[in-house]
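The block underneath contains the structure these notes are about, expressed in structure tokens.
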Amino acid sequence: MKRAADQMFIIFGASGDLTRRKLMPSLYELHIRGMLPEHFCILGVGRTPYDDRSFRANQAEHIRGILAERHINDNMLDVFTEHLFYISIDPTDRELYGLLKEAIRRLQVNMQLPDRIIFYLATPPFMYESISTCIQVSGLNMSGSDGWRRIIVEKPFGTSLATAEKLNAHLLRIFDEKDIYRIDHFLGKETVQNILALRFSNGIFEPLWNRNYIDSVEIHAAEAVGVGTRGGYYDSSGALRDMVQNHLMQLMGFVAMEPPSAFDAETIRDEVSKVLRSLHPYTTHEIDRFVVRGQYVGYRSELDVNPLSNTETYIAMKILIDNWRWSGVPFYIVTGKSMPEKVSEVVVNFRSTPHQLFVGQCAGSSCNKLLIRIQPDESIILMFGLKEPGEGFTVKQVAMKFDYDSLDGVRLPDAYERLLIDAMSGDSTLYARSDALEASWRFVDPIIGHWKKKEGKGLFLYNQGDDGPSEREQLGMPATGCCKI
């Protein structure tokens, strides 16, 4: 990939946790790979009273800590931090944006930068509207004839369909849709992107990728840890909002989409949106049948969690897609905290053979399966039956596995690295579009509304380290669940 064009990168919330843990280490990695523009600067905006020097020292320290397992080149780090600048203002106070405009103008002159700016909102979501309004009132959303403005917004993008629509409408009054980048770090993972390459560059998979040959699809995202120090946020969100509405439904869109006519951002996002608009809407009765929610024992004692909380830390769903390709094929989405192990993967279960000929032959609905493992070990695994050595025709299941780690000398970039350089280059393929987000909220909203009416009824407890509540079995998922390979 070529390096991005010259530009300025402005981070609101530059003294916060997201900037320290993800943004700066990822930008530094892009720097040492020669992907950042030749003329480039990062301007941090926040309330913490840093100056340029103290901000650079602080970020350098955190980069060393985050990337401790790698050898840090002091000279490269020094060169990178020389591109860091900081202005201490309240980003919600429009009266102070004159200071920001002056800092931008000065840096553009001193660093020989064109009028191209990305705004990254690494702030709590409640600040999105006020910051974007300040950008508009100060005229910073407008560029010269040879420039542009882009804005990157973190999840959660709304807390309901109504709030997502309101935020979308607000941002669209300030920026064009093509310049709004709604980031979902799940889509930046190499294995997620490889779903497209695996499907559409190989004649052996796409002909089978339909209701005639696939029995079911599972999408798992399990975490071994609990909520930790995120209790305050998580208790107002829950597994459905935190993982399903954004990460896992966007991932399902990649798995289920029709072949795009061209490999460009809008064509691909068109197909993802079509999938989410085709989701079978649950009736009230179907929510109780097809959605299982759970809470791990001990959650209510976690820091900043309501001791009477009914927030779900586990959810398993059976989803149907009402279109020609997937009619009748269940998609199972499962996510939870305090599970046996951390694993995220897509499991495509192919239909079994119509007639069993061999001793030992698997007779279940998931004998042949394709696993696309996203974490912890990024890999692709194909399972099928083979004859055991020796007399007779006894068959056993075997696995053919490709590990990304087997590629010598190839380092898998962090998800934020890929997404940041895409935004700098104007490629929105891996970013969620407004219509797709609203479609996913349109599916999720009735479930949340139904739960509110039931209060705590139908919330099942499970022990930490378990696979979730036993009631998940009512969904009819393949017995194997997350595959141990």
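The values are calculated or read from the model by the stated rules, or taken from the named source; none is laboratory data. What you see is a predicted model; the values in this text were computed from it and never measured. Using ideal geometry, Cβ is built from the backbone for each residue, glycine included, and neighbour counts are taken over all protein chains shown.
Annotations for the structure displayed:
- Test: Gly328 is in contact (Cβ under 8 Å) with a residue 40 or more places away in the chain, under 25 Å from Ser470 (Cα atoms) and buried (at least 16 other Cβ atoms within 10 Å of the Cβ): no
- Checking each residue in the stretch 1-27 for being of a type in the set (A, V, I, L, M) and assigned to a helix (DSSP H, G or I) picks out Leu18, Leu23, Met24, Leu27.
- Checked against (1) touching a residue at least 24 places away in the same chain (Cβ under 8 Å); (2) surrounded by fewer than 21 Cβ atoms within 10 Å (Cβ to Cβ); (3) not in a helix (DSSP H, G or I), His220 passes all but condition (2).
- Residue within the stretch 33-52 that is within 25 Å of Thr123 (Cβ to Cβ), surrounded by 12 or more Cβ atoms within 10 Å (Cβ to Cβ), among the acidic types (Asp, Glu) and touching a helix residue (DSSP H, G or I) at 6+ places or on another chain (Cβ under 9 Å) present: no
- Cross-chain or 6+ apart pairs with Cβ under 9 Å, the stretch 258-271 first and over 12 Å from Leu430 (Cα atoms), then polar (S, T, N, Q) and not in a loop (DSSP other than H, G, I, E, B): Pro260/Thr267; Ser261/Thr267
- Selection status of Val137, buried (at least 18 other Cβ atoms within 10 Å of the Cβ), touching a Lys or Arg at 6+ places or on another chain (Cβ under 6 Å) and over 30 Å from Pro340 (Cα atoms): no
- Residues that are modelled with pLDDT under 95 and assigned to a loop (DSSP other than H, G, I, E, B), drawn from the stretch 196-211: Ser201, Asn202, Gly203, Ile204, Phe205
- Selection within the stretch 326-351 - assigned to a strand (DSSP E or B) and either outside the structural domain of Ser237 (by TED's automatic domain parsing) or under 17 Å from the mean Cα position of the chain (by Cα) (or both): Ile333, Val334, Thr335, Gly336, Val343, Ser344, Glu345, Val346
- Screening the stretch 393-429 for residues that are within 16 Å of the chain's Cα centre (by Cα) and among the polar types (S, T, N, Q) and picking the one that is farthest from Pro37 (Cα to Cα) gives Thr429.
- Lone unmet requirement of (1) modelled with pLDDT of 95 or more; (2) out of contact with any Phe, Trp or Tyr (no Cβ under 8 Å at 6 or more places or on another chain); (3) under 25 Å from Ile180 (Cα atoms); (4) not in a helix (DSSP H, G or I) for Thr48: (3)
- For the stretch 175-208, the set of residues classified as more than 21 Å from Leu121 (Cα to Cα) and without any contact (Cβ under 8 Å) to a residue 40 or more places away in the chain consists of Ala197, Ser201, Asn202, Gly203, Ile204, Pro207, listed by residue number.
- Among residues of the stretch 368-392 being over 28 Å from the mean Cα position of the chain (by Cα) and of a type in the set (Gly, Ala, Ser), the one that is farthest from Lys189 (Cα to Cα) is Gly392.
- Failed condition for Ser440, given (1) in a helix (DSSP H, G or I); (2) closer than 30 Å to Leu67 by Cβ: (2)
- Taking the listed residues Met400, Met424, Met383, the one that is assigned to a strand (DSSP E or B), buried (at least 16 other Cβ atoms within 10 Å of the Cβ) and either out of contact with any Asp or Glu (no Cβ under 8 Å at 6 or more places or on another chain) or of a type in the set (Asp, Glu) (or both) is Met383, with no other qualifying.
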